[in-house]
Structure formats: structure tokens, C-alpha cells
1. What is the sum of charges, Lys and Arg at +1 and Asp and Glu at -1, for the other residues whose Cβ falls under 14 Å from the Cβ of residue 117?
2. Kindly report, to the nearest 10 Å², the accessible surface of residue 111 as traced by a 1.4 Å probe over protein heavy atoms only.
3. For 123, 49, write out the residues from largest to smallest accessible area, computed with a 1.4 angstrom probe and no ligands counted.
4. So how do 97, 78 rank on accessible area, 1.4 Å probe, biggest first, that is with the largest at the start?
5. What's the FRET efficiency of residue 103 with residue 124 using the Cβ-Cβ distance as r and R₀ = 35 Å, to the nearest 0.05?
Amino acid sequence: ADMTDVELVDAYKLYKSEILDKGFQGFTEETFRLNVARKLGKEMSEWTFQAHHVFPQVLADDFAQFGINIHDPVYGSWWRGTEHQIAHNIGQYNARWENLIFTLRSKEEVLSEGRRLAEEFGFDVQF
């Protein structure tokens, strides 16, 4: 459905106050690390921490069906470890999501599983 002029103005005001005024860039793969650093209030060394999508990029279209933009920094975290450890953990983590995503029925179920898996894999989430 098309938005009215008032709804468009309200949406822009919300976008400006929640995104632009806080220094965020658009929520894309390219700006994800920068936005996570701004959201969490610090920059981490690329050698020991990687900005991590809580919701795997390979399943972005599936998460979008629940209204989740995986590039929004609220769905980002720092994952600590060596490059090898991180790659190994991400592979296991993504496999878990690939098995779960089709069993979930609501955004709240997705968020709940995201929190549970974050705890299991040892990283913090902001949602």
C-alpha cells in the first residue's frame, strides 16, 4: 500500500532521528562493521574481533520475510577469536540457522532463537 504524505514525512523523521542523527550509514553489507561499531560505541581491532551478523547473510531473504534487515546494527555483534576459530564457529552457526529458519513462524520466534544461539556461541546481542 502507498504511504500518505504525512506517513512519508513521519517515516523520514523517524529515519533521521534513529539513523542519520546517530551517525549510522545505510544498513548494507558494506556499512555493517562501521554501524556495529557506532551502535556499540567502540571500534574493535580487526585482528581479534569481527563484526558479525547475528542473522546469517546467506538467509537474508528468509529473515526479510519476518521484517528483519540483517544489516541493521541492532542485529550485529563482535565475535572474538582467531580468524580460523571465527571461520569454524561461523560455519557451525550458519548450519544451525539453516536447520532452524523454516521451523520459525514469527519475528519474535526468530529473535528468541537469535538470543539463544548468541548465548550458546558466546557473543552478545542488543535485541
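1. Values: positive: 96, 115, 116; negative: 98, 109, 113, 119, 120, 124.
Spelling it out: positives minus negatives among the neighbours equals -3.
2. Accessible surface of residue 111 is approximately 20 Å².
3. Details: 123 15, 49 45 Å².
The ranking, largest first, comes out as 49, 123.
4. Values: 97 0, 78 25 Å².
If we order 97, 78 from most to least accessible, we get 78, 97.
5. Calculated transfer efficiency: 0.90.
The values are calculated or read from the model by the stated rules, or taken from the named source; none is laboratory data. Because the structure is a prediction, the values reported are computed rather than measured. Counting neighbours? That spans all protein chains shown, and the Cβs are built from the backbone with ideal geometry, glycine included. The protein model used for the area step is the full one, side chains on, heavy atoms only, and it has no ligands, DNA or RNA in it. Shrake-Rupley method; radii C 1.70, N 1.55, O 1.52, S 1.80 Å.
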